[in-house]
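First the structure, which I've put down as structure tokens, then a few questions once you've had a look.
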Amino acid sequence: MAKKIFSGVQPTGNLHLGNYLGAIKNFVELQNEKDNNCIYCVVDLHAITLKQDPKELKNNIRETAATFLASGLNPNKSILFNQSLVPAHSEGSWILSCIGRMGWLNRMTQFKEKAGKDKEKASVGLYIYPILMAADIMLYDATHVPVGDDQKQHLELCRDIAQKFNNDYNVEDFLVPPEPLIQKQFSRIMSLKDGSKKMSKSDVSDLSRINLKDSKDLIINKIKKAKTDPHPIPNIVEELENRPEAENLLGIYSSLKNQNINTTLKEFGGKNFSELKTNLSEQLIDKISPMAKEINKLLNDPAYLDKILLDGAEKANDIAENKVKEMKKIIGF
């Protein structure tokens, strides 16, 4: 069945393997499924919930767009734009913030994690971030949203807001409560240095991640130094329990090869990690090196990237602006 799909990626710059395998690779696959209508957004409004350097933010927006394109997203098949170019996102977010409830937002665990102990110093934007996310999705009548486990709670809030708006204004099915598309395998790529932590740009050690612009030598070195354990690779998936580093490396290899982990265990079961690491490095170089080359080529043509984003924003604006106009009529503006 055809799906209307919306998803976004924050322009943090220097995207890594976790971003690619956990999200962007899935975006490309969804785009290439017959009849899917896909909208992918560089969510720069979300980025400023934390203070940003203006020049760096502009560069990061372009770099995220370049990564999308280098990964296989096609602006002729999908709408690709950055959020701040479409004013309806901000306007829709305000309307929905008058529908959402404080109690709902107080239950959002991600705010508590990001705000830390001193939440009084966190921005209001960080607190109401899930409301903007709800507007992002519902302005396009998205039926499905690819999310990781950490965003599932936000999508449930989005559904609550949709249902409350529809009930409050007696407009059945006006706002579409979206369904999550949760990647069953390899949605969370973990640190190469600690299999209990998600791969992250914020980790102080660059050895903890494969950046999408890493050179061949860097990739080989990082995989060689990736943490493992002293036991051989098992033959069955149940034996990976309590072996997070082993599971992570096998999962990365499986995702790159588009195969399930059982197939990978048949290939490497009983062998030492050195053999897996050699093969994993080859797979990463085959996938990452052409992508890195294309990202760097695109970054040398900022005018082209800006045009792609502007063209996408015009298409997105036609849809989102119309939805906000309908919302205003329903509300009584």
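Grab the helices (runs of 4 or more DSSP H) fully contained in region 249-333, keeping just those with 3 or more residues being within 25 Å of the chain's Cα centre (by Cα).
By residue number, 273-299, 302-331.
Quick check: anything in region 19-39 farther than 23 Å from Leu181 by Cβ and either touching a His at 6+ places or on another chain (Cβ under 7 Å) or not hydrophobic (A, V, I, L, M, F, W, C) (or both)?
No, region 19-39 has no match at all.
I need a count of the residues in region 58-86 that are part of a helix (DSSP H, G or I) and either within 12 Å of Leu305 (Cα to Cα) or under 15 Å from the mean Cα position of the chain (by Cα) (or both).
Going through region 58-86 one residue at a time, the tally reaches 15.
While we're looking at this one, here's another question. May I ask you to verify whether Leu240 is in the same structural domain as Ala134 (by TED's automatic domain parsing) and surrounded by fewer than 20 Cβ atoms within 10 Å (Cβ to Cβ)?
Here the answer is no, as Leu240 does not meet what is asked.
Let me ask another. Within region 283-330, which residues are small (Gly, Ala, Ser) and crowded, with 17+ Cβ neighbours inside 10 Å?
Within region 283-330, Ala292, Gly312, Ala313, Ala316, Ala320 meet the criteria.
Name the residues in region 199-229 that are under 19 Å from the mean Cα position of the chain (by Cα) and either in a loop (DSSP other than H, G, I, E, B) or exposed (fewer than 15 other Cβ atoms within 10 Å of the Cβ) (or both), would you?
If the condition is that a residue be under 19 Å from the mean Cα position of the chain (by Cα) and either in a loop (DSSP other than H, G, I, E, B) or exposed (fewer than 15 other Cβ atoms within 10 Å of the Cβ) (or both), then Met199, Ser200, Lys201, Ser202, Asp203, Arg209, Ile210, Leu212, Lys213 are the ones that fit.
I've got another one for you. Which is farther than 18 Å from Lys213 by Cβ and either crowded, with 19+ Cβ neighbours inside 10 Å or touching a Leu at 6+ places or on another chain (Cβ under 9 Å) (or both), of Leu73, Leu50?
On inspection, the qualifying residue turns out to be Leu50.
Can you pull out every residue in region 118-146 that is modelled with pLDDT of 90 or more, assigned to a loop (DSSP other than H, G, I, E, B) and hydrophobic (A, V, I, L, M, F, W, C)?
Residues satisfying the conditions are Leu139, Ala142.
The values are calculated or read from the model by the stated rules, or taken from the named source; none is laboratory data. This is a predicted model, so every value here is computed, not measured. All Cβ positions, even for glycine, are placed from backbone atoms using ideal geometry, and neighbour counts span all protein chains on display.
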